[in-house]
2 protein chains.
Amino acid sequence: MNGNQLISIGTLSERTGVSVSAIRFYEQKGLIESLRSGGNQRRFLRSDIRRISFILIAQKLGLGLAEIETELARLPQGRTPTKHDWEKVSRSIRSQLDAKIALLERTRAKLDGCIGCGCLSLKNCRLYNPNDEAGESGSGPRFVLG
Amino acid sequence: MNGNQLISIGTLSERTGVSVSAIRFYEQKGLIESLRSGGNQRRFLRSDIRRISFILIAQKLGLGLAEIETELARLPQGRTPTKHDWEKVSRSIRSQLDAKIALLERTRAKLDGCIGCGCLSLKNCRLYNPNDEAGESGSGPRFVLG
DNA sequence: GCTTGACCTCAAGTTAGCTTGAGGTTGTAG
DNA sequence: CTACAACCTCAAGCTAACTTGAGGTCAAGC
């Protein structure tokens, strides 16, 4: 253990609680980068511990890896993010959260309007014909919460 | 078109807007059932139009097919659901929606408490170490909203 | 110098919710 | 009675976010 800041994938895994395979997966997806040792083993910067922490937090906030990648792009590579960096990102995430809550609340309001109506008629139902789109996109997981 | 109530898969698809392949998929998953014609073609009851409508609505409410199957089990097979049937199911769904909104709101509150703290420290962060579990389960899509 | 554990790559498997395609049959309009 | 649309059954593919496994390399202790 000399003075440099490089850590192995195993150490990064221990420090973050993220499995080794998941870290490799994140790297492959471009969420983090690594150097290589002489023997082709990955070497990460200590600051990657925070980068991974960020990924974990953002996931808990309901962001997908693609969205997280976008947010990560706002953070500095290799440097510990400042308060200001973090604020920018937090506010961006906060507005995404707001939108999701708002969508669910609109849906709930429609459901309340429908309870007891027994309509289930595709032509009239406000739930079935909403103007906003939950679970309407093409493929992949849609609108699933925990 | 004689007096009976049986419709083909194509008709069911047209009436609901759900693709033929999706209907077959739902049948395979046990969400709907079908009879067969002499030539082995599916024949559905007219009431299955409502059953499918219900699936669509429940999906918009954020339920997965497995959860929808559970809710469908509360509805009568072959009979048009009464107001009472529908109310029971609506209230069950409403409470699931409530739970999801509540979880998101707790998460947002934590984020607000964190904006500007710049911690990103795994040991201390309330976002990283929440007591409730969003996106914690084993596999599959987790905690993704539209 | 050998064993052991951490690491490497690449391929395939997992769940959800479907779609797409191949290859074959049915039903109906003309 | 023939054409053609609609139907049938598998099987495989798609996205997300990973895991698991096979088969091989690297590094360190004894």
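Applying a threshold of 32 Å to the alpha-carbon distances of A:K83/A:K110; A:K100/B:K83; A:K60/B:K83 flags A:K83/A:K110; A:K60/B:K83 as lying beyond it. Taking 0.36 nm per residue of separation and subtracting the Cα-Cα distance, full extension of the segment from B:E69 to B:R24 would add 14.7 nm.
What residue among B:Q59, B:V20, B:L72 has its Cα farthest toward the positive end of the dipole of the range B:1-81, where the charges are +1 on Lys, Arg and -1 on Asp, Glu, each on the Cβ? Result: B:V20, furthest along the dipole toward the positive end. Placing a label point 7 Å from the Cα of A:D112 along the Cα-to-Cβ direction, the distances to the matching points in the other copies come to 1.9 nm, shortest first. For the range B:1-81, the dipole from Cβ point charges (+1 on Lys and Arg, -1 on Asp and Glu) about the Cα centre works out to 200 debye, to the nearest 20.
Values in this text are rule-based calculations from the coordinates and carry no lab data. Just so it is clear, the model here is predicted, and its values are computed rather than measured. With ideal geometry, Cβ positions are generated from the backbone for all residues, glycine too; neighbour counts draw on all protein chains shown.
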